[in-house]
Amino acid sequence: MRLKIDTSEVKFRVAGTPKPRKDYKDKNAQATTQDGRPIWTVRLTAIETDRETSETIWVEVAGEEPKLTLDELAQVHGLVFAPWVNRDGKIMRSFRADVITVLPEARKAA
């Protein structure tokens, strides 16, 4: 099950540049979607100003490498939470997004 996340009240700051997600069968290869698009992992800090909290999350996005710079604000489109159970029976967190881009206002300020 995938749960869509409302990001309208959340700010995202790039906490790590995009890294290729490793293929679980071939650790030397980049993972791809079923239609062949490469998968990237981006570390973000999600900031909820109204609750005065922040959390680091790793978000997977498929397609071209997101053009992001460390510590800039990002815009996340189509964020979903898709938990899964690993071989040890533990529930694992997984975040996926359709697109991660630079927040337009952040780019203008720089």
| message | Along each principal axis of its Cα atoms, how long is the chain end to end? Whole angstroms, biggest number first, please. | response | 42, 28, 20
| message | Tell me which chymotrypsin sites (Phe, Trp or Tyr not before Pro) from region 8-110 have a DSSP coil assignment and no more than 13 other beta carbons within 10 Å of their own. | response | TYR24
| note | Carbon and sulfur atoms account, in whole percent of the 1.4 Å probe accessible area of region 16-110, for 50 percent
| query | So which trypsin sites (Lys or Arg not before Pro) in region 3-110 are both in a DSSP loop and have at most 13 other Cβ atoms within 10 Å of their Cβ? | reply | LYS25, LYS27, ARG51, LYS67, ARG87, LYS90, ARG93
| remark: Among GluC sites (Glu not before Pro) in region 1-76, those in a DSSP loop whose Cβ has at most 12 other Cβ atoms within 10 Å are GLU9, GLU52, GLU64
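Rounded if a/c is under 1.5, else prolate if a/b is larger than b/c, else oblate: which is region 17-82, with a ≥ b ≥ c the root eigenvalues of its Cα gyration tensor?
On the way: a/c = 2.25, a/b = 2.08, b/c = 1.08.
Taking the square roots of the gyration eigenvalues as a ≥ b ≥ c, region 17-82 is prolate.
The values are calculated or read from the model by the stated rules, or taken from the named source; none is laboratory data. This is a predicted model, so every value here is computed, not measured. Backbone-built Cβ (ideal geometry, glycine too); neighbour counts: all protein chains shown. The accessibility values were calculated without ligands, DNA or RNA, using every heavy atom of the protein model including side chains. Shrake-Rupley method; radii C 1.70, N 1.55, O 1.52, S 1.80 Å.
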